[in-house]
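The values are calculated or read from the model by the stated rules, or taken from the named source; none is laboratory data. The structure displayed is predicted, hence computed values, not measured ones. No Cβ is skipped: glycine too gets one built from the backbone with ideal geometry, and neighbour counts run over all protein chains shown. Just the protein is used for accessible areas: all its heavy atoms, side chains included, with ligands, DNA and RNA removed. Shrake-Rupley method; radii C 1.70, N 1.55, O 1.52, S 1.80 Å.
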Amino acid sequence: MLNPKLNIFVGENDSGKSTILEVLSIITTGRLHFYPFDQQIKANLFNNDIRATYIEKIQAGKTPKPPKMIFEAYLDDSVDQKLRGSNNELRENSAGIRVVVEMDSSYADIYKQMLDEKAVFDIPVELYKVTYHYFSSEDDKVLFRFSPVKSVFIDASHKDYSYMVNKFVNTSIEEVLSRQEQIDLSREYRSNRNKFKLNKNVKKLNKTVSERNKFDSSRKVTVDLQEESVDAWKKQMTVLVEDIPFENVGFGTQNTIKAELAIKNSSEQVNIVLMEEPENNLSFTNMSKLIDDIEATEGKQIFIATHSSYVANKLDLKNLFLVNQGIVKPFSSLNETVIDYFKKLPGYDTLRVVLAEKVILVEGPTDELILQRAYKDLHKKLPIKDGIDIIVVDSLAFKRYCEIAVLIGKKISVVTDNDKHPEEIKERYKEFINNPLTTFFYDTNPELNTIEPSVLDANCIKGVPNLEFQKIVNLKNKEQMTFDELNKFMKNNKSLWAMRVFDAEKTIKYPRYIIDAVKQFD
């Protein structure tokens, strides 16, 4: 069930986030990327498996029916009841819009002839048509100008500003200038156009063109500005930002203005805003301002596709939908305290955890570096090469991330200190410790309470630090150090000693829980 105000779609690349927005645009405007959808029907728009199956049948000499695409949007009860009906895939009595992309039945004979002549090699989209109608009846066609739902699409990943700018200019002209004032401007524009034609340099150009180009018909040939409609002057206008043409300002500023125009636009009764990766090319400050605008929006349903944890956290995880392999999972069932926690800490890599193929959570950069090197020593490559993301989070957030992992069915591992009380870890994470999705790794020796003494102990001989290990972590001290001395140095220089281990030519030994953590994916 979608949210009435805000819906945020997240997922890996090619998971289908953009497709959802594009379908919503098609249903509510009849357009895809600002151009009529029925003029853009291509075979690659169809599901890959369905397309491949169709081609296989054709190659096998069979006569399959061409596949079709069906898009449906179910509207709430506030929509005109005349649009209600059960003419939909679910056969529900509901208001809604149905879009069908299928072969035009009037071309059935042509399709049969093409099959007989073995002239079909792929989905014959040239024979297709697109129909838009309400759930009430197939005869109740959608006229987008009068449709109860209208949308605007903001794609921050593409530098296409003309549609939004033209709409802003035209709307401003219609709202500010009377019809007579617009006619006066049109006359002035045409007058200036005529002055251009009478310019002496233009006359010289045409005289030469006419003399050089003699055609058989002996007709005079000259050049001139294209004849345009009475409203052509409107197309020559653009938006200036601090006296700079809109198309020449920074991409980030363009996206900010486009988003603000779309969110605030009510002159055309736009009630749905579709935003593709709003975080693109925006500074942290502008991103924050845009989010404030989105949160303050009234009377519009907003759909966002994003890779930004900041966007997801700040706009409430309860509005989040995970898109993965054709399945959409809502986050709305998350515990309220978890949602509130991440909303207050928008810097946390929520989506990094959600989108990663495999995840190991650690408490700090020291743990991350040691795990990275341990994995490399055992597997001869860094974990990211195998799709394993080691993410540093505050230990207080472990339970929060575990709740997210359980909700979306993702396996997650936690590598943690025992803080001298390893038996308490089972109690602290009792709701997750036996869950097959969540695995915890820690040193069971209470004396080895953090990663420093644990790694040091693994590199000691009868309690004395191995000199080779000492040379790696403490380059300056050449004399043999005691366990306590080297442990103190490591605790006071956490990132330093870990970085030295990570960069060292020689390998070290690792505690059992570290080895188990990196071997779990074998």
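Does Pro422 satisfy being open to solvent by 10 Å² or more (accessible area, probe 1.4 Å) and within 30 Å of Thr507 (Cα to Cα)?
So Pro422 passes the test.
Checked against the criterion of being loosely packed, with under 15 Cβ neighbours inside 10 Å and under 21 Å from the mean Cα position of the chain (by Cα), region 357-378 contains one or more residues that satisfy it. Counting the residues of region 463-522 that are open to solvent by less than 60 Å² (accessible area, probe 1.4 Å), within 46 Å of the chain's Cα centre (by Cα) and among the aliphatic types (A, V, I, L, M) gives 11. All conditions but one from (1) under 23 Å from Leu21 (Cβ atoms); (2) open to solvent by 60 Å² or more (accessible area, probe 1.4 Å); (3) not small (Gly, Ala, Ser) apply to Gln81; the one that does not is (1).
Which one of these does Glu403 not meet: (1) under 31 Å from the mean Cα position of the chain (by Cα); (2) closer than 22 Å to Ile515 by Cβ? Result: Glu403 fails condition (2) only.
Yes or no, residue by residue, for (1) at pLDDT below 70; (2) within 24 Å of Gln301 (Cα to Cα); (3) open to solvent by less than 60 Å² (accessible area, probe 1.4 Å); (4) part of a helix (DSSP H, G or I):
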position	(1), (2), (3), (4)
Ser137	no, no, yes, no
Val169	yes, no, yes, yes
Ser191	no, no, yes, yes
Lys220	yes, no, no, no
Leu225	yes, no, no, no
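Checking each residue in region 31-44 for being surrounded by fewer than 19 Cβ atoms within 10 Å (Cβ to Cβ) and out of contact with any strand residue (DSSP E or B) (no Cβ under 6 Å at 6 or more places or on another chain) picks out Leu32, His33, Phe34, Tyr35, Pro36, Gln39, Lys42, Ala43, Asn44. Checked against the criterion of being in a loop (DSSP other than H, G, I, E, B), aliphatic (A, V, I, L, M) and more than 26 Å from Thr19 (Cα to Cα), region 139-156 has no qualifying residue.
Of all residues in region 7-36, those that are closer than 14 Å to His307 by Cβ have Cβ atoms under 6 Å from Cβ atoms of residues that are at pLDDT 90 or above and open to solvent by 20 Å² or more (accessible area, probe 1.4 Å), 6 or more apart or on another chain, in Phe9/Ile20.
Got a sec? Which of Asn87, Asn44 is without any contact (Cβ under 8 Å) to a residue 12 or more places away in the chain and of a type outside the set (Phe, Trp, Tyr)?
Working: Asn87 fails: without any contact (Cβ under 8 Å) to a residue 12 or more places away in the chain.
Sole residue among the options that is without any contact (Cβ under 8 Å) to a residue 12 or more places away in the chain and of a type outside the set (Phe, Trp, Tyr): Asn44.
Within region 436-458, the residues that satisfy the criterion of being of a type outside the set (Asp, Glu), open to solvent by 10 Å² or more (accessible area, probe 1.4 Å) and closer than 18 Å to Asn493 by Cα are Leu448, Asn449, Thr450. Restricting the search to helices (runs of 4 or more DSSP H) fully inside region 296-396 and requiring at least 1 residues that are modelled with pLDDT under 80 and under 27 Å from Ala517 (Cβ atoms) gives 309-314, 336-344, 350-355.
Scanning region 90-122 for residues that are within 37 Å of the chain's Cα centre (by Cα) and open to solvent by 100 Å² or more (accessible area, probe 1.4 Å) turns up Leu90, Arg91, Asn93, Phe121. Taking region 388-419 as the range and being open to solvent by 60 Å² or more (accessible area, probe 1.4 Å) and more than 15 Å from Leu351 (Cα to Cα) as the test, the residues that pass are Asp394, Leu396, Lys399, Asp419.
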